[in-house]
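One structure below.
The values are calculated or read from the model by the stated rules, or taken from the named source; none is laboratory data. The model shown is predicted, which means the values in this text are computed figures rather than measured ones. With ideal geometry, Cβ positions are generated from the backbone for all residues, glycine too; neighbour counts draw on all protein chains shown.
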């Protein structure tokens, strides 16, 4: 065993050497010797294992030998497997595959799907197109999932059923009645929500309509298959007729009737509580600084050189801050019971600030002042340069409010999705 390992290591060493230098004759001769010994070791192990009836080990040893032979061929070292070993391998493989196939069928009959799948996987590893192995392997894998889906559906666990059938259909989109059962799970478990008018508790005219629009857009991006949102078109008159008040519980019979007429089971409404905007004032402050300049001088030998001098100058500092706050109270009301299922106040404050310097001269020659003296510290100069190149355009309060509404609508979607996830098991 130790000798065989040493031969493999030596062969790999010479192989790597030939990859780097194909004309290395000494390495090629050495690889022919060590590689030939490796092949002999493989064939010896193959023979012994096959004689002891260890078909899997014998087959894997032969295949490893074949891969070694192909690898050595990449550096033009020709190794061979004696024909009699190839004949023995084919016969052993044929017997082994048949045994696996028959045992897999037995496991299927016994409904031991996990063991059956292992048998057919092993067949697929050695011969992917062997008989109907692929189909049987798929059955061994998806039949337990199919049964899991059926049981979940019977137990009214619609999400679990849907996901089980989804896994089945990802493997075989025509397996039994999986499509129909998955659709049934979805139809039975669907959470249909009607989005109704938001109230406006602010002084900003029609601001609530923006909240409604962003909420609808965001809800429509949900990836939850059980969440279905219907626009509020023509809802309000019907709700008024049914005397549904989203501020609390309502009469169960009228609520249920309204739900039947609307085709929804829940209503999502809200109230825009805050839509405030604060536009800041651009402040301007005069700052003292120093301007660098060069003065030509001569040394004692009469050679010219330049000395850096500084003189006082001024530049200006600008600051501004805009902000907005958006706050929405949302309620998800059951039309079956009239109870409020979800009630949250969701808020977002958006802030944007600008801070920059302006200088009429060349900013590369400008230095800050510290206690009335020029500050040539590197970090101080870097900070000054950063502010000289600072952003001067500030986001408008309208843009901040818009982004705040978008953020709140994401929070609303998250709250609704959480309800849907826990409602539909």
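The table that follows gives values for the structure above.
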read-out: Among (1) part of a strand (DSSP E or B); (2) within 14 Å of residue 269 (Cα to Cα) - the single one residue 325 does not satisfy; value: (2)
read-out: Which numbered condition residue 338 fails, given (1) under 30 Å from residue 277 (Cα atoms); (2) assigned to a loop (DSSP other than H, G, I, E, B); value: (1)
read-out: Qualifying helices (runs of 4 or more DSSP H) (wholly inside the range 139-226; at least 3 residues being in contact (Cβ under 8 Å) with a residue 60 or more places away in the chain); value: 158-171, 207-219
read-out: Of all residues making up the range 370-383, the number that are under 15 Å from residue 315 (Cβ atoms) and not in a strand (DSSP E or B); value: 4
read-out: Filter pass, residue 386 being at pLDDT 95 or above, within 35 Å of the chain's Cα centre (by Cα) and not in a loop (DSSP other than H, G, I, E, B); value: no
read-out: Filter result for residue 93 (out of contact with any strand residue (DSSP E or B) (no Cβ under 6 Å at 6 or more places or on another chain) and at pLDDT 95 or above); value: yes
read-out: Index of the failed condition, residue 52 passing every other in (1) buried (at least 17 other Cβ atoms within 10 Å of the Cβ); (2) within 22 Å of residue 84 (Cα to Cα); value: (1)
read-out: Test: residue in the range 354-369 that is under 30 Å from residue 209 (Cβ atoms) and not in a strand (DSSP E or B); value: no
